[in-house]
1. For segment 400-586, rounded, prolate or oblate, judged on the Cα gyration tensor with a ≥ b ≥ c (square roots of eigenvalues), a/c < 1.5 rounded, else prolate if a/b > b/c?
2. What FRET efficiency comes out for the pair Ser245/Thr144, r = Cβ-Cβ distance, R0 = 60 Å, nearest 0.05?
3. Could you name the aspartates and glutamates in cross-link range of Lys448, using Cα to Cα under 19 Å and dropping any fewer than eight places away on the same chain?
4. At 7 Å along the Cα-to-beta-carbon direction for both Ala320 and Thr529, put a label point, then send me their distance in nm to one decimal.
5. Treating the angle as unsigned and between 0 and 90°, give the value, to the nearest 10°, between the Cα long axis of helix 253-263 and the longest Cα principal axis of the chain.
6. Counting each DSSP H run of 4 or more residues in the chain as -39500 (n - 2.57), what helix-only mean residue ellipticity at 222 nm follows after dividing by all residues, to the nearest 500 deg cm²/dmol?
7. Which percentage, to the nearest 5, of the DSSP beta bridges contained in the chain is antiparallel?
8. FRET efficiency for Asp211 and Val36, Cβ-Cβ distance as r, R0 = 56 Å, nearest 0.05?
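Please treat every number below as a calculation from the coordinates, not as lab data. In this text the structure is predicted, and so the values were computed from the model without any measurement. Because the Cβ atoms are built from the backbone with ideal geometry, glycine has one as well, and the counts that use them run over all protein chains shown.
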Amino acid sequence: MSRKSLALVAGAALAAPLALTGTAQAATAAESAYTVTPLKFTVSAGGRSCTVDADLYRPAGADALHPVPAVLATNGFGGSKSDGSTDGIGKAFASRGYAGLVYSGLGFGKSGCLITLDDPETDGRAAAALVDFLGGTRAADDGTKADFVTQDGPGDPTVGMIGGSYGGAIQMATAAVDPRVDALVPLITWNDLGYALAPNNTGTARGVSSDTAGVFKWQWTNGFYLMGEGQTILAPSLDPSRFGSLDCLHFAARACDTIRLLNSGRYPDDRTAEMLAYARSVSPVSYLNRVKAPTLLIQGQADSLFNLNEATATYRTLKAQGTTAKMIWQAWGHSGGQVEGELDLGQGNLESSYVGGRILAWFDRYLRHETATDTGPEFAYYRDWQSGYGTADAVPGLTRTMYLSGDGKLVDNRAKVARGSRQYTNWLIPTSHSESSLAGLIGLPDPKPYDTKGTYLGWTSAPLGSAVDVVGAPKATLKVVSPRTERVQSSGDAADKLVLFAKVYDVAPDGTRTLVNRLVSPVRVPDVTRPFTVRLPGIVHRYEAGHRLEFAIAASDSAYFGNRGIKPVTVVSAPGDTGVLELPVVGGTGK
């Protein structure tokens with residue numbers, strides 16, 4: 001693969017993980033079990049007419065007298081219908097008796113139109129046109145018709161969708177504009193792009209979304225931008241409908257405006273509200289109320305792009321409105337984490353993996369209408385310490401409370417809190433490191449997480465008497481003192497507000513610190529004169545007996561933009577007034 005430009009490198013790096021994992025053919029898919037027919041569809045999307053490039057997988061024996069349900073899928077960001085995993089979806093389900101229609105998403109592969117970030121009114125409408133084909137109400141450009149798909153009614157095919165990341169959000173975007181979609185299986189995808197690109201983990205108003213502008217996640221965001229704009233190099237001879245303008249080659253103009261604002265050095269400013277409104281308009285957070293199809297959400301624990309909190313927000317919204325939904329937290333996500341025996345759609349190991357079996361059961365129940373099929377527990381999560389899944393009737397709540405003592409200890413009783421104050425200050429360059437988001441993807445080493453003395457504060461527990469299993473998103477309640485911030489935070493410029501990063505380390509008896517899945521919680525504090533709560537990223541982790549927990553707040557992180565100017569921070573503790581850390585602990589007491 002050529003690496004002549006940064007755009008090409010970023011594109012090559014991101015395409016694989018965002019299109020799921022693996023490149024091998026489905027082990028159980030014999031080529032004689034189905035035929036594959038390349039098709040083109042001319043669709044109207046975002047005010048443009050363009051071609052969608054697709055492959056139709058037809059199982060042997062499927063015809064008008066012997067119809068079968070269908071599975072519709074598309075690629076992750078930067079991929080195409082020919083990716084090992086996207087192509088693997090067609091093979092895997094066709095070999096199991098489903099009709100598969102796999103296509104390159106708008107702006108990728110050989111499909112036309114601009115990249116519009118899975119906008120329901122553009123990408124969703126384009127996918128709905130393919131549902132028309134499966135329903136027999138439209139033909140492909142060459143006249144091919146699908147007369148072998150089970151119908152729930154005239155023009156209403158029995159169809160489910162599956163795919164990851166960009167190929168995950170498109171499912172909810174499609175279901176929001178087309179109620180004919182019968183079942184969804186979105187993997188490792190987002191709830192709110194505004195949160196994913198610039199998260200703020202305090203002041204949550206809806207799902208994961210905060211009313212205060214977040215902290216720019218510059219590495220992931222620019223990786224996507226370079227890949228999208230680098231399509232001219234990555235895929236020469238593009239369809240002319242994929243070109244926008246000289247200053248925004250392949251994205252919708254508002255998407256480029258979003259990236260420019262985030263990179264401008266002026267973010268957040270008076271344009272931020274408009275930017276967030278756009279990012280949320282193309283995100284499930286804005287249209288989940290229209291999604292009624294039964295949804296099996298699968299999210300990765302090793303994922304600093306779309307963390308477990310995003311799937312949890314989607315899950316809770318769907319459940320609250322009465323939409324059938326269940327959720328699985330698997331090991332792998334955009335940041336890696338693949339473990340032996342887990343789902344790999346490129347290999348088609350559905351029956352032999354826990355998640356694959358759940359997917360097959362989901363489609364058996366909602367596409368084959370096998371009403372006696374058990375679709376599994378409400379919530380399941382991979383446990384690396386047991387190499388298997390735990391299950392629960394709901395996402396665990398917060399059950400353990402610890403307190404931030406003035407002497408740097410993390411104690412289990414408010415009475416043990418010592419009076420005291422401690423201070424840190426930021427530098428003009430990052431002094432803490434969680435991850436280099438793209439390092440592993442392009443073969444570069446990534447230093448272990450670290451914090452520079454004087455630029456962070458940590459509170460460490462006593463050694464644990466027994467193992468503590470944390471499943472879910474911890475929460476911290478904090479109050480800080482920052483006179484320099486206080487003087488400027490009311491200026492009307494959100495960039496003057498204090499930025500900090502919260503995280504929980506696992507400290508081994510030898511002092512080795514492990515940041516679980518390299519996850520941190522960026523915060524732009526709305527008002528430093530008031531207490532604020534921080535929702536940390538969800539994790540599934542066992543803190544072994546003899547280990548310590550360390551809760552830390554840092555002034556910066558190398559994967560994010562940070563504070564504007566120097567803003568010293570003091571944290572004061574007293575038994576009746578101190579910070580609190582709450583943990584979702586399952587199982588034993590772990591004292």
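1. Details: a/c = 1.82, a/b = 1.12, b/c = 1.63.
Verdict is oblate for segment 400-586.
2. Numbers: r = 35 Å, r/R0 = 0.58.
Calculated value: 0.95.
3. The reachable aspartates and glutamates, counting only those whose Cα sits under 19 Å from Lys448, are Asp303, Glu435, Asp506, Asp510, Glu550, Asp557.
4. 3.1 nm
5. 20 degrees
6. Details: 13 runs with 124 residues, N = 591.
So the calculated ellipticity at 222 nm is -6000 deg cm²/dmol.
7. On the way: 76 of 105 bridges.
Bridges in the chain are about 70 percent antiparallel.
8. On the way: r = 49 Å, r/R0 = 0.87.
FRET efficiency, Asp211 to Val36: 0.70.
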